[in-house]
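The values are calculated or read from the model by the stated rules, or taken from the named source; none is laboratory data. The structure displayed is predicted, hence computed values, not measured ones. Cβ placement follows ideal geometry from the backbone for every residue including glycine, while neighbour counts extend to all protein chains displayed. To get the accessible areas, we keep the full protein, side chains included, count just its heavy atoms, and leave off ligands, DNA and RNA. Shrake-Rupley method; radii C 1.70, N 1.55, O 1.52, S 1.80 Å.
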Amino acid sequence: LSPLSFQSLLFLGLVAAVCLGLNLLFLTVYLICLCCCKRDQDPESKRPHSCCVTWMAVTAGLICCAAVGVGFYGNSETNDGVFQLLYALDHANQTLTGIDSLVASTTLQMQGALEQHLARLNELLASRGDYVQTLKFTQQLAGSIVLQLQGLPAWRGVSADLTELSGQVAYVEYYRWLAYLLFFILVLTVCLLACLGLAKHSRCLLVMMLCCGLLMLVLSWASMAVDTAAAVGTSDFCVAPDKFIMNQTDDEISAEVVHYYLYCEQSLSSPFQQALTVFQRSLTTMQIQIQGLIQYALPLFPTAEVQEGGAGIPIPPSAPQSCLTPLFPQRDLLGVQQLLNSSETSLHQLTALLDCRGLHKDYLDGLIGICYDGVEGLLYLGLFSLLAAAAFSTVICAAPRAWQQLAGRCRDYDDMDEEDPFNPQARRIAAHRPPRGQLRSFCSYSSSLGSQSSLHPPAQTVSNAPVSEYMNQAVLFGGNPRYENVPLIGRGSPPPTYSPSMRATYLAVSDERVRHRGDAPA
């Protein structure tokens, strides 16, 4: 990276850190204001805003789900772009490796096998000076081909650099993709924990929700900084990729060759055109010379014999047979012709590989993968980080209100009278206390009649169990005592509570019924 790009990335990291600080400052001010409002409020008017907590939880859940969806899409797009870049790098690496392989094999054929065949033919055809001159000319053409092949750029260093770059990019991309996948799972887990804590009214879960929310808030802003820096750095590369590539390959490949592959314009001439033209012309001339030798020399020299260790001069028939070795010019001439045909095939393959269209296509595919899909995915990941930060900020704001609501419910539950027979705690408390005098409920016939006259109550017994459960539901869910409009006299036990007027009406009706029973004949 250039110093300017490094400063830009550092500035973006500082901006993300400042945003995190402002977010934490906002949450701190919000919590302080919430505590101050709670102290200034009248104790009897303190009522937890359950509706507000519910809507905040719903909003946080929706934002969290939307953030994870956007994050999955961005992670997939980034992964696709990086793998398109890796495919282009691998294909370009194969092309460069193929060029080096063809150059090395053709050079080896011209310097090794061809020279051996020509040396034996010089021995066999030494008696004819014109044939020897033809063989020497063929050998000079082979040397010219080797010289042209050595003038081609060696791609071995560039290929090694591409292999190393591809391995590093694949390694980083794998762990980046895995880290974001785990991050998405963690975000969903914390969101589920927050919903569970609000639903269960558990203080332990609320504390865990608050701590995890703060942690996820920090991680979200850190992810935002990394995504933004990566997107800006990649965009800087995509603005001028040719300059970056020329700087990286300046020591190994000439600027003319790099420019030829980067732009691949029809107006540009290939820097390898002269070498390939000389290669093709030399190869064609060699094929013509060898074809002439096959046509004219083989009838004159179908076979030849040379003395072992001799200079290649034909031996008269009177020489000893042990000193003679039969040689066949046809075999060497056909071997040379086969090598030339193989070299011509290599020439066509080398011409196709050195053409700019193949490597230029790989170059464009790599740029499209990293500069379009990759940057787009990074921007979506940045949006995910923003949405996740907003979701967890909402969760952190909802936690104190949920705690206040839970504390209010516990206080209302503890304020219920233990002496009230309709309190569900009365049974549990009575089970752990020593028995005492029987309580007389104002809802029984005895308490009602005893307050009005000296008549004895009927033998009917009243059970407080259903009334207690009814009273429990009325207190817990309604918040206020529940009054009945019509007295239910015939059911054996009165409703849980009466308004004063209804209680007077009930007592009057009860007195009338008792008086009517007393006046009836026995």
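Things to note:
- The label point for ARG357 and the one for ALA154, both projected 7 Å from the Cα toward the Cβ, are 3.1 nm apart.
- Per-pair calculated FRET efficiency, R0 = 60 Å: ALA199 and GLN274 via Cβ, rounded to 0.05: 0.15
- Taking every C-alpha pair closer than 8 Å and separated by at least 6 residues, the mean separation divided by the residue count of the stretch 113-248 gives a relative contact order of 10 percent.
- Cβ-Cβ FRET estimate between GLN266 and GLN330, R0 fixed at 41 Å, reported to 0.05: 0.30
- Added length on full extension, which subtracts the Cα-Cα distance from 0.36 nm per residue, GLN168 to HIS91: 26.1 nm
- The stretch 184-292: GluC sites (Glu not before Pro) in DSSP loop, at most 12 other beta carbons within 10 Å: GLU265
- Packing, as the average of other Cβ atoms within 10 Å across residues, places the peptides 232-244, 121-133 in the order 121-133, 232-244, highest first.
- Residue-level accessible surface for VAL207, protein heavy atoms, 1.4 Å, Å²: 70
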